[in-house]
1. Which residues' amide hydrogens lie under 5 Å from the amide hydrogen of V46, considering only partners 5 or more residues apart or on another chain, with H built in the peptide plane?
2. To the nearest 10 square angstrom, how much accessible area does D20 have with a 1.4 angstrom probe?
3. As a test of reading the structure, rank D126, D84, D165 by solvent-accessible area (1.4 Å probe, protein chains only), most first.
4. Given a 1.4 Å probe and heavy atoms of the protein chains only, how would you sort R34, R15, largest accessible area at the top?
5. Between T59 and L223, what FRET efficiency follows from the Cβ-Cβ distance if R0 is 41 Å, with the result rounded to 0.05?
6. DSSP loop GluC sites (Glu not before Pro) in the range 185-231 with at most 13 other Cβ atoms within 10 Å of their Cβ, which ones?
7. For the chain, report the accessible area per residue in Å² (1.4 Å probe, heavy atoms, rounded to an integer).
8. Report the label-to-label distance for A188 and R168 in nanometres (one decimal), using points 7 Å from each Cα along the Cα→Cβ vector.
Amino acid sequence: MGYDAIVLAGGAAQRLGGADKPALSVGGRALLDRVLDACAGATRTVVVGGRRATARPVTWAREDPPGGGPLAALAAGLRRTSADRVLVLSADLPFLDRHTVQALLDGAAGAHGAEGTLLRDPDGRDQPLVAAYRAEPLRRELALLAAEHGTLHGLPLRALTAELDLARLTAADPLASFDCDTWDDLAAARARIREHGNVLDEWITAVKNELGIDVDVDTKTLLDLARDAAHGVARPAAPLTTFLIGYAAARAEATGAEPAQAVAEAARKASELALRWAAENSTDGTGSTGGTGGTDTAAGDGSGSG
């Protein structure tokens, strides 16, 4: 089942001194772009807020007048959608991933009688801006609230969620609901992605996003190849070899090969070549290992016989 996504990106960011929060970067990528990557499977993505450059095409919307709060922004975005399920996200979620998004969507589709599924953070708090809703109940309740109050401007999100029958999801990743409301939050997010266990995955994702490619990267295979090339040939051979692997894989993909398999096959060939290269450097051409003094001994014998 398809879905549309609404990303709310027009808040005042008062706790950040009015900074343009969606444009603040974590791991070299704007917060908004990180969220857009998490919902890349949406049929249509509507961003409610000021227009700006984004990593992928989106539809823009704005509540009228601007600054009316999350319900007014949500209603403005909802008018641009047509799918039966709507993913609703804030634009300041640096660690939201596609697995969590899919779990929310699956919950919204499969929960018996539920009108949506929202994420529950590690402290047990509901996160209505990390949620998937059925579109029809969402439209119904927004219309009823507008009729009851005369406007949606200034109304809190709980006015909506209190009227919906919602399931809750606890994410496998406790950071999925982490949002950047303060400068301390932003600093914590930036520090987190540079931790040893995260930095390579974060860097690879950032590079893929920057280059506009979507391919599974077998990090261990490529690191092993780089090691073999560096140790068996020369240190500069490592980055040059991995570049050639990418080029060869792209050519193979153009002929119909599956990208991940093409990378694996090219890496295998290059790694075996590096090992053969290293093996030659460690022998004297006759099978004897270098460094035994065989050649030097022969030279010594020759001089002594004179």
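The values are calculated or read from the model by the stated rules, or taken from the named source; none is laboratory data. Since the structure is predicted, the reported quantities are computational estimates derived from the model, not experimental observations. Using ideal geometry, Cβ is built from the backbone for each residue, glycine included, and neighbour counts are taken over all protein chains shown. For the accessible areas, the whole protein counts, side chains as well, though only heavy atoms, and no ligand, DNA or RNA atoms are used. Shrake-Rupley method; radii C 1.70, N 1.55, O 1.52, S 1.80 Å.
1. A5, I6, V7, T59
2. About 80 Å², ignoring ligands and nucleic acids.
3. These residues rank, largest area first, as D84, D165, D126.
4. R15, R34
5. 0.55
6. Passing sites in the range 185-231 are E195.
7. Accessible surface, normalised per residue, equals 54 Å².
8. 2.0
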